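For reference, the structure is listed below as structure tokens.
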Amino acid sequence: MKRLLVVFITSLIYFLFFLHDHIAVGFIPADNITLNCGSQEKYSTAQDDRPWMGDESSKFALIQGRNTKSYASRAVSQNSVEEVPYMTARISHSEFTYSFSVTPGPKFVRLYFYPTLYQDGSDTSKAFFTVTVGNSFTLLRNFSAYFVAKHMDTNVDSFMREFSLVVEENQRLNITFIPFSPNSYAFINGIEIVSMPTALYFEPAGDMDRPSVVGETYQLNDFTHSALETMYRLNVGGSTISPMQDTGMYRQWSPDDPYWTSIVGVVPCNTSKQLNYTKIPNYTAPENVYRTAKSMGNDSTANRLYNLSWGLPVDSGFNYLVRLHFCEFEGVMTEINDRRFRIYLDNQTAERTFDVIELSGGDGIPVYRDYVVNHINQDYLSIELHPREAVTRYINSILNGVEVFKMSNNGNLAGPNPPAPPEPGPSLVPTTEKSNSKKALLTIALGSGVAGFLVLLSMVCCVVLLRLRKEKRHHSSYKRKSSKSTRGSSRRLPEQLCHRFSFSEIKSATNNFNQALVIGRGGFGNVYRGHIDDEFPEIAIKRLSKGRSSQGEREFEAEIKLLSQLRHVHLVSLVGYCDDGHEMILVYDYMANGTLRDHL
């Protein structure tokens, strides 16, 4: 008996160590469903050791029409995708529904897709379909998994879409797949449903406030009747955090590097700092999110000129919930006023003065701040942090993590498909051994010519790209797939610039361009006297008159390029500029004693 007890305790310790290495337990979900669609196996094990239940032998109801049944099929080629849940699929030319009996409360719903050729002959590049949840939400509409996969910057065509929604009391979770046209069909490879705490996204946690609406003076009180789609979950300054390393809800955290647009910044890390979850629950994010970050470094002069900035491609026309994670761990930042900075979202001021220590109460204490950005009318979301020079001890800013969620609009979360991928060109290689020598020579000649042309084209592209990189604007050049520039602006300004103001800040500084504040007029436009709180107490704001020609744009660019590099006691200093949309606005130090012209 004693020996048996020793074996049991040893096994328990081993299991706990294994569990600690594979999953950071912070929350145990009531519902943890993984459905391997199209699989006849009762259970299959994924690469991360999670078991997936085959849908043909599952307890979850599959509802479909009487005349047309869905069918299961297996992918022809694996192409480096994971076996489970991607290699089998449920396919149908008519509507079908999975019905899940789950506990009430908020859930993650994750849909897995592998658009490829299947053994029954189905080519999922031809599949266009809609996905709904009950009568409440449209998750996807006229959706092409093939277009999405070909548009991704990866070598693997499989992917997952994550949604969040609240299931009401006595309500089943019904997920319906509907072919978009009579000639199309729908398919799904895997479905995952995981419970989440109410206070994770849909309610504020601990001492955290409800989401602030950017550009407004109110907070968002309740959005439990909305659905969310996860657009980004970034471990800023850190590496990938796998679903098994999450806090019990199997979220994946990705590095922020593909979306990082600053030309300065450092990546601090502190793996030994003891974190104290006194403000938020420990399941909010994995500890590694709060142990890494990006900050601005020790060069105060350089930090005055730049922002920490990220650019994230999004679907236009929706509201977005943006969560920013913070934790001070660098040692020197331990008191209020040590590090204070502004937060800009979508070129609007989200926070005039943000202090991590003031919010958290000390270093090593994780916190977050939620914001809602309304009606984004462009295809990217910008996040920028800039030091509050007048009220901070260190000219610096910091960010540990980012989560961005699309919010449903009248029950709809469906965005447009990406552009259709180009059709493959005809092959130049002969397809039969009977091709005569003339055809072979012609093929070789054509191939050589094309190869030479491609080499020449590559050289030209390299030269052009190098020139563009040299001219790249820091504040509005985002790594996105769209070719649109910031709010329609096509100007390229030099990298080492002064402060970039948002248009909303300029309007506030001039009381919406109040004519009573006009202190001068010229060929360029009106000059207004204004102020932006204690950091810029007195400034002169010059706004280009509307309707100006390209000559005015060239003058605008030239003045920024010249004055941003000149600093002299007898010259008026250029404080910053604004180029939102088609605006061209210059901001100078205010000359309290008048201009040289006045004295002459």
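The values are calculated or read from the model by the stated rules, or taken from the named source; none is laboratory data. Keep in mind that this is a model prediction, so the values were computed, not measured. We place every Cβ from the backbone using ideal geometry, glycine too, and count neighbours over all the protein chains shown.
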TODO: Those residues that are among the hydroxyl-bearing types (Ser, Thr, Tyr) and either free of Cβ contacts under 8 Å to residues at least 24 places away in the same chain or assigned to a loop (DSSP other than H, G, I, E, B) (or both), I need them from the range 271-324; list them, please.
DONE: Thr271, Ser272, Tyr277, Thr278, Tyr283, Thr284, Thr301, Tyr306, Ser316
Open item on the list: Please return the ranges of strands (runs of 3 or more DSSP E) entirely within the range 92-134 where 3 or more residues are closer than 20 Å to Phe202 by Cα.
Closed with: 105-113
Task: Unmet criterion (only one of (1) modelled with pLDDT of 95 or more; (2) touching a strand residue (DSSP E or B) at 6+ places or on another chain (Cβ under 9 Å); (3) surrounded by fewer than 18 Cβ atoms within 10 Å (Cβ to Cβ)) for Pro286 - done: (3)
Task: Which listed residue, of Asn347, Asn276, is polar (S, T, N, Q), outside the structural domain of Leu574 (by TED's automatic domain parsing), crowded, with 22+ Cβ neighbours inside 10 Å and out of contact with any Cys (no Cβ under 7 Å at 6 or more places or on another chain) - done: Asn347
Task: Subset of the range 65-96 that is of a type in the set (S, T, N, Q) and buried (at least 17 other Cβ atoms within 10 Å of the Cβ) - its residue that is farthest from Phe27 (Cα to Cα) - done: Ser94
Open item on the list: Tell me the residue from Thr176, Thr198, Thr224 that is crowded, with 17+ Cβ neighbours inside 10 Å, touching a strand residue (DSSP E or B) at 6+ places or on another chain (Cβ under 9 Å) and of a type in the set (Ser, Thr, Tyr), please.
Closed with: Thr176
Task: Within the range 499-527, considering residues that are more than 28 Å from Thr301 (Cα to Cα) and hydrophobic (A, V, I, L, M, F, W, C), the one modelled with the lowest pLDDT - done: Phe524
